[in-house]
1. Kindly write out, for the range 186-203 in residue order, the coupling ³J(HN,Hα) from the Karplus curve 6.51 cos²θ - 1.76 cosθ + 1.60 (θ = phi - 60°), rounded to whole Hz, with x marking Gly and Pro.
2. Quote the charge dipole size of the range 165-252 about the Cα centre in Debye, to the nearest 20; the model charges only the Cβ of Lys and Arg (+1) and of Asp and Glu (-1).
3. Can you figure out the FRET efficiency of Asp191 with Arg50, using R₀ = 30 Å and their beta-carbon distance, to the nearest 0.05?
4. Hey, can you grab everything whose amide H is under 5 Å from the amide H of Val180? Only 5+ residues off in sequence or another chain; H modelled, so Pro and N-termini drop out.
5. Short version: what are the Cα gyration tensor semi-axes of the range 10-242, square root of 5 times each eigenvalue, largest first, in whole Å?
6. Considering amide H positions built from the backbone, and no H for Pro or chain starts, which residues 5 or more places from Ala93, or on another chain, come under 5 Å of its amide H?
7. Given the rule -39500 (n - 2.57) for each run of at least 4 DSSP H residues, summed and divided by the residues of the chain, what is its mean residue ellipticity at 222 nm, to the nearest 500 deg cm²/dmol?
8. Treat the count of other C-beta atoms within 10 Å as a stand-in for reagent exposure and order Leu175, Leu195 from fewest to most.
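Coordinate-derived values only; no laboratory data. Since the model is a prediction, treat every value here as computed from it, not as a measurement. Don't worry about glycine lacking a Cβ; one is built from the backbone with ideal geometry, like all the others, and counts go over all protein chains shown.
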Amino acid sequence: MGKSRLEGKVALITGGARGMGASEAQLFLDEGAKVVITDILDEVGQETARRLSPDGSQCVFYHHDVTSESDWESVVADAISAFGKIDVLVNNAGVFEQGSILDTSLKNFERTMDINVTGVFLGMKAVAPHMVQRKQGSIINISSVAGLNGTPGFVAYGASKWAVRGMTKGVAKELAPFGVRVNSIHPGIIDTPMLQTFDEAGEGVREMVRTRIPLGYEAEPIHVARLALYLGSDDSAYSTGSEFIVDGGWSA
Ligand SMILES: NC(=O)c1ccc[n+]([C@@H]2O[C@H](COP(=O)([O-])OP(=O)(O)OC[C@H]3O[C@@H](n4cnc5c(N)ncnc54)[C@H](O)[C@@H]3O)[C@@H](O)[C@H]2O)c1
């Protein structure tokens, strides 16, 4: 594999302070891209950007709540003024909400939908005019295996990740005539801070989940980052509106 699959490209990664987003930022930089990471976690985000690009010439961090349309406007404008353009958007920011239909409150359902769905909608809306004008671009929406089938105990999260998958397909067809591609990634169980929910759910829960993964282990964020790299690069030029699964066989 070459080491410059994103040479000359600029990527914006939401929720990039830690977890999968930070891993994608690192890999994209290694492959020649300039990267803007955004998050609500300002200190962690600043630290990640400094670690990845100490002089700030390759990677910058901006505060960004993905549920805010005005935050999106300023982040996109700032990214373009810092690095000239946006070629790749990774709508990665998200929250996990555990709960069945019997015990999920409307408030928690709406919060999950706001971040995981409205955030992705606003992201696509904010970059689309720029990408359409340039007649190129790749949008990568992070869904989940919970957006592929019914997952008990994930009523809000599942609804949000199915919505991401559905929006991806419709928008892919809307933007295809302009050379802009939109795909979704469906990770299985990935070892990031998000998995703390399993740890908090009780001893042995995480181990029980692990035994259900056909490959027998949780993925590292880099496994997902490599798929995002493929979708952000021209290697995936003929793919749009598709689901890309990285789940160790979970959904097979
Ligand atoms: N970890 C898994 O097993 C797994 C599996 C499938 C899908 N996913 C999805 O992958 C994506 C990344 O998750 P992760 O596992 O790296 O978790 P994570 O919690 O480490 O990272 C998510 C990031 O999103 C940020 N974020 C949350 N709300 C935000 C908001 N309103 N505005 C901006 N940023 C916000 C968080 O601060 C955090 O840095 C999420 O969309 C998640 O749903 C994770």
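1. For the range 186-203, the Karplus curve yields 10, x, x, 9, 10, 6, 9, x, 4, 6, 4, 4, 5, 4, 5, 6, x, 5 Hz.
2. Dipole size: approximately 420 debye.
3. Calculated value: 0.80.
4. none
5. 28, 20, 17
6. Answer set, sorted by chain and number: Thr14, Gly15.
7. Per the formula, -13000 deg cm²/dmol.
8. Arranged by neighbour count, lowest to highest, Leu175, Leu195 become Leu195, Leu175.
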